[in-house]
Amino acid sequence: MTALFISPKYVKRKSIIDGEVDADKIIQFIETAQDIHIQNYLGTNLYKKLQTLIIDDEINDAGNANYKLLLDDYIKPMLAWYTQAEYIPFAAYTISNGGVYRHRSDNSDAVDYSEIAGLTTRATDKATFYTNRFIDYMNFNSELYPEFISSSEAMYPDRDVNNIGWVL
């Protein structure tokens with residue numbers, strides 16, 4: 001079982017994604033963003049700790065106040081923007097038995113690739129801002145989260161935001 005750190009409703013409230021967009025269209029992008037980006041910065045141990053607290057319905061317990069603060073103040077905003085960055089390039093498309101379709105409303109103009117790329121870049125920039133806030137917070141408060149410093153499993157926390165790609 002996987003616990004999502006945010007809901008489609010949260011994403012819609014905190015983004016340019018219309019409230020009428022079907023939650024089923026967004027949920028896969030929340031999970032993808034959470035797996036790819038959030039787990040990367042939390043590391044596997046802290047990621048699993050938060051998953052367990054949510055699944056066991058213990059995230060709101062008084063003894064887990066630090067984890068609740070981390071989730072609400074740092075992870076949720078970061079994840080909302082990473083979700084948008086993942087969703088935007090796919091928002092206009094549907095794949096069904098008949099093929100791949102691009103949605104177009106009667107009273108709208110189609111946007112070109114550069115506009116979509118620009119929106120995706122802006123969402124990624126905002127996600128990077130929130131990721132830097134998270135990293136700064138963890139640099140000063142990592143002792144509150146033993147799972148962050150003792151990553152013994154597959155993914156160690158990335159402590160640097162590097163979106164520049166390959167450097168030769």
Pairs under 6 Å by beta carbon, first residue under 16 Å from Tyr74 (Cα atoms) and loosely packed, with under 14 Cβ neighbours inside 10 Å in the range 132-155, partner at pLDDT below 80 and among the hydrophobic types (A, V, I, L, M, F, W, C), six or more apart or different chains? Asn132/Val161
What residue, of Lys48, Lys68, Lys76, Lys9, is among the charged types (D, E, K, R) and within 26 Å of Arg102 (Cα to Cα)? Lys9
Spot the failing condition for Tyr101; the list is (1) at pLDDT 90 or above; (2) surrounded by 11 or more Cβ atoms within 10 Å (Cβ to Cβ); (3) over 17 Å from the mean Cα position of the chain (by Cα); (4) not aliphatic (A, V, I, L, M), and only one is missed. (1)
It is to be established whether one or more residues within the range 77-88 are loosely packed, with under 15 Cβ neighbours inside 10 Å and modelled with pLDDT of 75 or more. no
Specify the residue that is modelled with the lowest pLDDT; the eligible residues are those in the range 13-43 that are surrounded by fewer than 18 Cβ atoms within 10 Å (Cβ to Cβ) and β-branched (Val, Ile, Thr). Ile16
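The values are calculated or read from the model by the stated rules, or taken from the named source; none is laboratory data. Small disclaimer: the values here were computed from a predicted structure and weren't measured. Neighbour counts are summed over all protein chains in view; Cβ atoms, including those assigned to glycine, are modelled from backbone coordinates with ideal geometry.
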